[in-house]
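The values are calculated or read from the model by the stated rules, or taken from the named source; none is laboratory data. Note that the structure is predicted; figures quoted are calculated from it, not measured. Here the Cβ is made from the backbone with ideal geometry for all residues, glycine too, and neighbour counts use every protein chain on show. Note: areas computed on protein heavy atoms with side chains; ligands, DNA, RNA excluded. Shrake-Rupley method; radii C 1.70, N 1.55, O 1.52, S 1.80 Å.
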Amino acid sequence: MASPVPSVSELVQEARRTYEQVFGGEAPEVAVCAPGRVNLIGEHTDYNQGFVLPMALPMVTVVVGTRTSGQSVSIVTVTKDVEEPNRVDFNLPSDGSPLSPGHPKWANYVKGVVQHYRAQPVPGFRAVIASSVPLGGGLSSSASLEVAVYTFLQQLNPDDGDKVAKAVACQQAEHTHAGVPCGIMDQFVSVLGREAHALLIDCRSLEATLVPLSDPSLVILITNSNVKHSLTGSEYPTRRRQCEEAASILGKASLREATMKDLEDSRDRLDNVTYRRARHVIEEIERTSQAAEALKRSSYKIFGKLMVESHNSLRDLYEVSCRELDELVAAAMEVDGVYGSRMTGGGFGGCTVTLLQAHVIDRTILHIQERYSGSPTFYVTTPSVGAQVLRLS
């Protein structure tokens, strides 16, 4: 029913085999991994300095490799569905000049992390990348790759070990080399995720609170619509500009500072679209705080209600949902024992996340398959650990 996810050890073995084939039988000396994430609630609030409530996933990106002498870098990816070619070679600039992004796009995430790594200079290296995080599914395959590469570089030339600064450096890599003005959430939880916990992240102070999520009667179901999205188009930067414009009109540093009263008092100075974008963000920040408290109290019905409100707001006010995501949420909510469901990630395709009672998981998957017009993929998941160094046996 649910799709199997390759284990970390299986990914390491695949990457290691490829490394030895490509690089003449030499074995890699370093192996690391970093997880993708699913956001339970708090969408498009991170770049507005609000709250988010993600958890790290058992789906990870693995990097194996070796430090080399000289300034050359060779990277191979065995991840499916990436833009060709699957191998990139480049030289590290000796004069400190920036690495230029280019093609293939997947390599830009690596180049960006090399550029922003906090213990320069980065030495030459050879590496192979393997990942179980679905590409374009809203589960943050990009942050998983960035944090895995950063963790790999830490083994070659250690930095000071500051985890928040590590997440910020990976965020900067996405801004400068992938062209996505993302918030801090994805990189933060990929670095700092904890087993059996969601993470309430304050994107203004960069402080995080662990929220227990280990009730055996609960299941978190991720449903991939298998509709691909790309956040590097105009929609994501446009939403961010609209939020910044609204904050400016309200006289606030960010929408985190604004209340619904502030918004209503200034409504005549906002066009309808900007008003709706700001309303989503202000209400979503409050919903996320309420949801974290509900989860701490095991008030799953309240949490589920907030999830549905979040989805409806993303659909109607922020306008980042799509027909397929709406279908998946509606189908899930028809099953008795489902607490809540919503789109997750940037939108325009990707995945939904559903909180439900464990004993109705099979019934829910069957019902969604019957009602959904596309071909969904299902993952039953639990909160997992953040980036880690692996042993090469």
Send over a whole-number figure in Å² for the accessible area per residue of the stretch 287-363, probe 1.4 Å. 35 Å²
Could you list which residues have their amide H under 5 Å from that of Ala2, counting only those 5 or more apart in sequence or on another chain, with H placed in the peptide plane? none
Is it possible to state the helix-based mean residue ellipticity at 222 nm for the chain, with each DSSP H run of 4+ residues giving -39500 (n - 2.57), the sum divided by total residues, to the nearest 500 deg cm²/dmol? What is it? -12000 deg cm²/dmol
Excluding same-chain residues fewer than 8 positions from Lys305, which lysines have a Cα within less than 20 Å of its Cα? Lys296
Given R₀ = 56 Å, what would the calculated FRET efficiency be for Ser266 paired with Glu10, taking r from the Cβ atoms and rounding to 0.05? 0.55
Go through the stretch 374-389 residue by residue and turn each phi into a ³J(HN,Hα) via Karplus (6.51, -1.76, 1.60, θ = phi - 60°); whole Hz please, and just put x for glycine and proline. x, 10, x, 10, 10, 10, 9, 9, 9, x, 10, 7, x, 4, 8, 8
Identified option (computed semi-axes √(5λ) of the Cα gyration tensor in Å; candidates (1) 30, 29, 20; (2) 40, 25, 18; (3) 35, 25, 18): (3)
What's the center-to-center distance, using Cα atoms, between the stretch 327-393 and the stretch 99-121 in Å? 32 Å
So the FRET efficiency between Val273 and Asp81, C-beta based with R0 = 30 Å and rounded to 0.05, is 0.35
If we sort 258-270, 158-170, 30-42 on the protection proxy, mean other Cβ atoms within 10 Å, highest first, what's the order? 30-42, 158-170, 258-270
Stretch gain in nm, segment Asp202-Ala2, where the contour uses 0.36 nm per residue and the Cα spacing is subtracted: 68.7 nm
Going highest first, how would you order 132-144, 89-101 by mean Cβ packing within 10 Å? 132-144, 89-101
Net lengthening on full extension, Ser217/Lys296 (0.36 nm per residue, minus Cα-Cα): 26.9 nm
Residue-level accessible surface for Glu14, protein heavy atoms, 1.4 Å, Å²: 60 Å²
Between Arg371 and Asp162, what's the calculated FRET efficiency when r is the beta-carbon distance and R0 is 35 Å? Round to 0.05. 0.15
Using only the alpha carbons of the stretch 1-97, what is the convex hull's orientation-averaged projected area in square nanometres? 9.9 nm²
Taking every C-alpha to C-alpha distance in the stretch 45-172 and binning by 10 Å from 0, the per-bin percentages run 12, 45, 34, 10, 0
How many nm is it between the label spots at Arg363 and Glu26, if each spot is 7 Å from the Cα in line with the beta carbon? 5.8 nm
Expected field for Arg315, accessible surface area in Å² at 1.4 Å probe radius, rounded to 10, holds 90 Å²
Name the shape class, rounded, prolate or oblate, that the alpha-carbon gyration tensor gives for the stretch 196-269, where a ≥ b ≥ c are the square roots of its eigenvalues, rounded holds for a/c under 1.5, and otherwise prolate holds if a/b is larger than b/c and oblate otherwise. oblate
Extension gain (nm, one decimal) between Ile249 and Arg17, 0.36 nm per residue minus Cα-Cα: 77.9 nm
Dipole check, the chain, charges on Cβ (K,R +1; D,E -1), about Cα centroid: among Ser225, Gln154, Met307 the Cα furthest to the positive pole belongs to Gln154
Accessible area per residue, Å², the stretch 67-133 with all protein chains present, probe 1.4 Å: 48 Å²
Taking protein heavy atoms only, a 1.4 Å probe, and rounding to whole percent, the accessible area of the chain owed to carbon and sulfur comes out at 47 percent
Report the residues of the stretch 127-158 in range of a label on Val389: point 7 Å along Cα→C-beta, backbone N strictly under 13 Å from it. 151-158
